[in-house]
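The values are calculated or read from the model by the stated rules, or taken from the named source; none is laboratory data. The structure displayed is predicted, hence computed values, not measured ones. Backbone-built Cβ (ideal geometry, glycine too); neighbour counts: all protein chains shown. When the accessible area is computed, the model is the full protein with side chains, heavy atoms only, and any ligands, DNA or RNA have been set aside. Shrake-Rupley method; radii C 1.70, N 1.55, O 1.52, S 1.80 Å.
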Amino acid sequence: MDLIKTFYSKLALSTEELNAIKEKHEVMTVKKGDFILTKGQISNAYYLIEYGLTRSFLHDYEGNEVTIGFCCDNDVVIEVASFFQRSPTVENIQTLSETRLWKINFDDFQELFHQIPEFREWGRSWMAQELVHNKNRAIAMITEPATTRYLRLIKEKPILIQQAPLKHIASYLGITDTSLSRIRKEIVHGN
């Protein structure tokens, strides 16, 4: 599988530009449970997921883990604030399964960003899409019941239901494990 070609397929890239992008990505396989980024580090790379599952989490004021995001096949794994502001992160990014990643470091990203206009446009478009997604998620957390949010998650990322521990899914939805179990039973029984 040529993930790079697939991932950047919407770009009008020359063969030379595509090869330049490929050369800047390093393939790596990460074991289940390993950390890609931990609190206090500066994010020096982002990753394209060929296969696998990651979760982003932080700790609340009481020290509890709160899952704030999941990434799976064909997603971009990035801690945007740390990566672009070059500041220590408050997030942790951990693999929930064996995960094959295509890593690009910050300096190589900057080089491609300034040399290839289509790559720059991809970055701008991806960032705008993520801003909209995060805004919609924030609104849904306030305006929608947990059952609706859970059903949307099943539709958008079914792999989570198969591979992510329920406690992480519940945390992401902003509910307790018990509430998630109740919601799942109601869905199964059609109530």
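Before moving on, here are some points about what is shown:
- Contact map, the stretch 31-53: first residue on the phi > 0 side of the Ramachandran plot, second residue modelled with pLDDT under 95 and part of a strand (DSSP E or B), Cβ cut-off under 8 Å, separation 6 or more or different chains; pairs are 52/72.
- Residues of the stretch 83-104 satisfying the condition of being of a type in the set (S, T, N, Q), over 16 Å from residue 59 (Cβ atoms) and touching a residue at least 12 places away in the same chain (Cβ under 8 Å): 87, 95, 97, 99
- Residue pairs meeting the criteria (Cβ under 7 Å; at least 6 apart or on separate chains; first closer than 18 Å to residue 80 by Cα and touching a residue at least 60 places away in the same chain (Cβ under 8 Å), in the stretch 105-118; second among the aliphatic types (A, V, I, L, M) and open to solvent by less than 70 Å² (accessible area, probe 1.4 Å)): 105/45; 106/45; 112/20; 112/21
- Residue that is acidic (Asp, Glu) and either in contact with a Cys (Cβ under 7 Å, 6 or more places away or on another chain) or open to solvent by 80 Å² or more (accessible area, probe 1.4 Å) (or both), where the choices are 130, 98, 186: 98
- Filter pass, residue 15 being surrounded by fewer than 16 Cβ atoms within 10 Å (Cβ to Cβ), β-branched (Val, Ile, Thr) and within 18 Å of the chain's Cα centre (by Cα): no
- Filtering the stretch 39-49 to residues that are more than 12 Å from residue 96 (Cβ to Cβ), under 11 Å from the mean Cα position of the chain (by Cα) and open to solvent by less than 10 Å² (accessible area, probe 1.4 Å) leaves 46, 48.
- Of the residues in the stretch 67-82, at least one is more than 14 Å from the chain's Cα centre (by Cα) and not hydrophobic (A, V, I, L, M, F, W, C).
- The residue that is nearest to the chain's Cα centre (by Cα), counting only those in the stretch 145-178 that are surrounded by 17 or more Cβ atoms within 10 Å (Cβ to Cβ) and basic (Lys, Arg), is 157.
- With respect to the conditions (1) touching a Phe, Trp or Tyr at 6+ places or on another chain (Cβ under 7 Å); (2) surrounded by 14 or more Cβ atoms within 10 Å (Cβ to Cβ); (3) under 22 Å from residue 109 (Cβ atoms), residue 52 falls short on a single one, namely (1).
- Verdict on residue 69 being over 17 Å from residue 104 (Cα atoms), at pLDDT 90 or above and in contact with a Phe, Trp or Tyr (Cβ under 8 Å, 6 or more places away or on another chain): yes
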